[in-house]
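J.: Just passing along the structure, written as structure tokens.
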Amino acid sequence: MAKIEYELQEPKLLINTDKVVKEKVYIQNRLFKIFCLLSVLFLGLVLLSIIVFIGRTGLLVFKDVSFKEFFFSTTWEPFEEKYGAATFIIGTLELTGLTLLIAAPISIAVAIFTAEIAPDFLKRILRPILDLLVGIPSIVYGYLGLTILIPFLRKVTGTMMGDGLLAAAIVLFIMVLPTISRISDDAISAVSSDLREASYALGASRMQTIFRVVIPHASSGLLTAIILGMARAIGETMAVVMVIGNTPQLAHDLLTPTAVLTSNIVNQIIDVEFDSTWNYALYMMAFLLLILSNVLIIIIRKLRTKGV
């Protein structure tokens with residue numbers, strides 16, 4: 001009889017054990033969900049704090065400097081209480097545009113070659129190389145530009161300096177090329193092989209298939225890659241500082257030393273007091289860079305949502 005009672009009670013013990021395990025798993029899942037939620041909230045709080053702090057500090061510049069002077073004057077003389085940032089804003093836009101003109105077509109060409117034309121053994125070499133280039137610190141690119149590129153430009157062009165928009169754009173082009181190429185490569189590789197086969201079945205050549213079928217279907221990813229590359233170019237500091245000349249003047253040609261928002265901030269932020277108009281002006285420049293970066297990110301999100 002005792003044996004029979006034991007056998008009858010055993011399933012009940014198993015049921016209780018199952019219930020305990022399920023409750024434990026449920027508690028673990030809830031805790032993990034709460035942890036993830038708190039992490040996201042913390043990240044959002046940090047981002048919001050950065051935006052608010054830089055924005056509030058930067059906007060204090062307009063207590064002593066008019067909006068028109070800051071954005072439209074090219075006179076930057078802090079010791080004379082003149083804080084015209086137009087030179088740096090225009091320089092930033094010119095440098096970004098020049099980098100885009102150089103980097104976009106070459107980077108996409110590299111991506112097309114890697115994804116569509118290169119044999120498999122070459123793909124296995126090119127992709128790791130591009131990944132390694134992404135991880136090289138920007139100051140290394142800047143130092144190479146300072147010691148190799150600028151002397152080369154002096155020799156080729158016959159100028160005395162060699163610093164300027166051209167040198168900075170070439171350095172930035174080398175920096176953003178791996179980023180744009182790898183993201184573009186992934187976008188092109190993600191295009192369905194059925195589309196390629198259908199194009200070949202209709203008698204299209206490889207080049208026709210690439211440019212009339214693959215590229216249009218990968219356009220969203222290509223635009224995302226270009227915008228991400230430009231976002232990095234806009235915010236780049238050390239590499240640009242070493243090759244652009246750091247002179248607060250408008251560039252009349254590609255070899256005229258000039259300055260951009262990032263280079264001006266890093267060169268002058270150490271020498272100013274926090275509670276000064278000069279410092280507020282530098283913070284306002286940083287706020288402009290933050291706005292530009294966020295605008296580019298929003299554009300990327302919109303492109304992905306629409307599937308352009």
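J.: Which one of these does Ala231 not meet: (1) free of Cβ contacts under 8 Å to residues at least 60 places away in the same chain; (2) buried (at least 17 other Cβ atoms within 10 Å of the Cβ); (3) hydrophobic (A, V, I, L, M, F, W, C); (4) under 30 Å from Ala109 (Cα atoms)?
T.: Single failed check for Ala231: (1).
J.: Still on this structure, I have one more. Enumerate the helices (runs of 4 or more DSSP H) found wholly within the range 225-308, keeping only those where 3 or more residues are under 15 Å from Trp76 (Cβ atoms) and not basic (Lys, Arg).
T.: 261-268, 277-306
J.: Is at least one residue of the range 148-171 within 18 Å of Asn246 (Cα to Cα), without any contact (Cβ under 8 Å) to a residue 24 or more places away in the chain and not in a helix (DSSP H, G or I)?
T.: Here is the first cut: in the range 148-171, the residues within 18 Å of Asn246 (Cα to Cα) are 149-151, 153-154, 159-171.
Among the residues that remain, those that are also without any contact (Cβ under 8 Å) to a residue 24 or more places away in the chain are: 151, 154, 160.
Among the residues that remain, those that are also not in a helix (DSSP H, G or I) are: 160.
Among the residues of the range 148-171, at least one is within 18 Å of Asn246 (Cα to Cα), without any contact (Cβ under 8 Å) to a residue 24 or more places away in the chain and not in a helix (DSSP H, G or I), which makes the answer yes.
J.: Would you mind telling me which numbered condition in (1) closer than 19 Å to Leu95 by Cβ; (2) of a type outside the set (A, V, I, L, M, F, W, C); (3) out of contact with any helix residue (DSSP H, G or I) (no Cβ under 7 Å at 6 or more places or on another chain) Arg212 fails?
T.: Every condition holds for Arg212 apart from (1).
J.: Residues to consider are Thr57, Thr87, Thr74; find the one that is modelled with pLDDT of 85 or more and outside any helix (DSSP H, G or I). Walk me through it before giving the result.
T.: Details: Thr57 fails: outside any helix (DSSP H, G or I); Thr87 fails: outside any helix (DSSP H, G or I).
Answer to the selection: Thr74.
J.: A further question on this structure: If we scan the range 22-35, do we find a residue that is modelled with pLDDT of 90 or more, closer than 30 Å to Glu236 by Cβ and surrounded by 10 or more Cβ atoms within 10 Å (Cβ to Cβ)?
T.: no
J.: Right, another one. Just give me the residues in the range 196-220 being basic (Lys, Arg) and in contact (Cβ under 8 Å) with a residue 24 or more places away in the chain, in sequence order.
T.: Within the range 196-220, just Arg206 meets the criteria.
J.: Could you please give the count of residues in the range 120-142 that are surrounded by 14 or more Cβ atoms within 10 Å (Cβ to Cβ), of a type in the set (D, E, K, R) and within 21 Å of the chain's Cα centre (by Cα)?
T.: Residues meeting the conditions: 1.
The values are calculated or read from the model by the stated rules, or taken from the named source; none is laboratory data. Note that the structure is a prediction, hence the values are computed from the model and not measured. Reconstructed Cβ throughout: ideal geometry from the backbone, glycine too, with neighbour counts over all protein chains shown.
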